[in-house]
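Take a look at the structure below.
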Amino acid sequence: MFNSTIPLLGITILVVLAGLFIVRPLRRALITRPIFSTYRKVLPQMSDTERDALEAGTVWWEGELFRGKPDWQKLQAYPVPKLTAEEQSFLDKECEEACRLVDDWKVTHELYDLPHEAWRYIKEKGFLGMIIPKKYGGLEFSAYAHSQVVTKLSTRSSALSVSVMVPNSLGPAELLLHYGTEEQKNHYLPRLAKGIEVPAFALTSPWAGSDAASIPDTGVVCKGMYQGKEVLGMRVSWDKRYITLAPVCTVFGLAFHLFDPDGLLGDKKHIGITCALVPYDHPGVDTGRRHFPLNAMFMNGPTRGKEVFMPLDFIIGGPKMAGQGWRMLMECLAAGRSISLPSSNTGMAQMTARAVGGYARVRSQFKMAVGKFEGVEEALTRIGAYTYMMDAVRKMTAGAVDLGEKPSVVSAIAKYHVTERARQVVNDGMDVIGGKGICLGPNNFLGRAYQ
């Protein structure tokens with residue numbers, strides 16, 4: 001009797017456990033909910049900046065992937081991005097001419113900058129104002145056209161592509177378009193569109209790189225003198241580095257934490273991250289010095305200021321946007337990130353695929369083209385496959401932006417995977433061409449990308 005009770009008890013326990021896991025209401029009430037409650041107590045409280053980052057942007061087709069049942073027909077139904085006649089003409093003419101004006105060997109080993117003619121040309125032809133509407137004098141290109149331009153320029157010179165890419169990415173123009181006052185838009189956007197103003201955006205500090213919310217730069221609301229009058233403003237101190245175009249910019253966006261200890265704007269002492277637009281020649285501003293990052297010749301450097309007084313009108317969007325800087329950055333980040341790095345890295349991969357593929361056909365060893373050796377074939381296959389994948393991702397993310405999306409998750413995925421594939425493509429390319437890639441010179445088509 002006792003022995004027969006044990007199997008029966010075991011079966012009963014198994015049935016009860018199975019019921020707990022199979023019956024959804026029971027599973028949720030007795031297992032899932034207690035687990036979630038425990039984790040809520042253990043996990044730290046979500047900050048406002050973390051919440052803003054999570055809520056920024058839109059969920060696009062990637063939501064299908066995370067649900068585990070992607071609707072492939074929905075993906076196939078999205079329209080294929082296309083250029084307008086105006087955009088195609090710009091790609092065929094102006095982009096070709098810009099590439100012709102730049103010799104990457106001279107840029108990196110003689111001039112240490114783009115040629116003066118190239119700078120003048122990209123400013124006059126509106127390269128720096130691709131995202132600015134025509135009513136302000138910009139080109140008002142689609143995200144796809146913007147991506148095509150950056151990709152093409154990247155096949156010629158990283159300095160050229162970055163110098164065009166940055167003003168059209170997250171920065172003064174983008175932020176002004178979404179949040180600027182009418183006065184700020186009317187003053188700055190036409191000047192940015194024509195290259196009269198060269199923009200930069202100062203976010204990264206020596207102590208906060210990817211963790212941008214932890215920037216130590218601060219401003220304090222106070223009264224001070226500006227243009228001979230006492231006005232309400234901010235006294236700001238900052239130390240920024242790795243700021244692209246900072247050495248040559250004429251105006252830059254500045255992100256900092258704003259405090260109001262005397263309650264001049266209200267009861268809130270820590271107003272939050274704030275974005276201001278600062279002229280390079282404003283009293284107390286220090287710009288012009290330059291970093292030298294592995295011979296990369298695009299302009300990049302620090303900017304500093306200590307107790308620099310500036311009026312509240314310098315805030316992008318005016319005083320009412322004080323403390324809204326983090327939300328502004330998160331909401332605008334997706335569009336630029338969907339285009340800039342995917343496009344520039346795809347261009348580099350396309351150049352590698354074409355040049356290395358051609359080299360593998362004309363370079364012979366043991367009376368055979370090196371491209372026919374199995375080991376080289378493997379590398380060439382990876383180069384071709386990865387470049388194709390990168391171009392598909394680039395077009396897809398740019399197309400999403402043109403559909404009105406702000407694909408924050410897709411753009412993050414694209415940024416990581418495209419840059420990683422580009423690194424692998426260039427490494428494989430260097431393995432194929434060997435010593436020709438190591439010896440730098442005017443005819444080395446890959447060494448600079450590897451460097």
*If you take the residues in segment 138-173 that are of a type in the set (S, T, Y) and touching an Asp or Glu at 6+ places or on another chain (Cβ under 7 Å), which one is surrounded by the fewest Cβ atoms within 10 Å (Cβ to Cβ)?*
S142
_Please determine whether any residue of segment 366-378 is surrounded by 19 or more Cβ atoms within 10 Å (Cβ to Cβ), touching an Asp or Glu at 6+ places or on another chain (Cβ under 9 Å), under 15 Å from L446 (Cα atoms) and modelled with pLDDT of 90 or more._
no
*Which residue pairs have Cβ atoms under 7 Å apart, sit 6 or more places apart or on different chains, and have a first residue in segment 160-184 that is acidic (D, E) and a second that is buried (at least 24 other Cβ atoms within 10 Å of the Cβ) and at pLDDT 95 or above?*
E174/I131
*Pairs only if they're at least six apart or on different chains, beta carbon under 9 angstrom, first in segment 254-268 and under 11 Å from T218 (Cα atoms), second polar (S, T, N, Q) and surrounded by fewer than 24 Cβ atoms within 10 Å (Cβ to Cβ); list them, first residue then second.*
L254/T303; F256/T218; F256/S237; H257/T218; L258/T218; F259/T218
*asked:* So in segment 245-290, with the set limited to residues that are within 20 Å of the chain's Cα centre (by Cα) and in a loop (DSSP other than H, G, I, E, B), which one is farthest from A193 (Cα to Cα)?
replied: L245
*Across segment 381-414, what is the total count of residues that are over 24 Å from Q76 (Cβ atoms) and buried (at least 20 other Cβ atoms within 10 Å of the Cβ)?*
1
_All helices (runs of 4 or more DSSP H) inside segment 36-108 with 2 or more residues being within 27 Å of the chain's Cα centre (by Cα), at pLDDT 95 or above and on the phi < 0 side of the Ramachandran plot_ = 85-92, 94-100
*Return yes or no: is R448 basic (K, R) and at pLDDT 95 or above?*
no
*For segment 89-117, how many residues are touching a residue at least 12 places away in the same chain (Cβ under 8 Å) and among the polar types (S, T, N, Q)?*
1
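The values are calculated or read from the model by the stated rules, or taken from the named source; none is laboratory data. Model, not experiment: these values are computed from the prediction. Every residue, glycine as well, gets a Cβ built from its backbone with ideal geometry; the counts of neighbours run over all protein chains shown.
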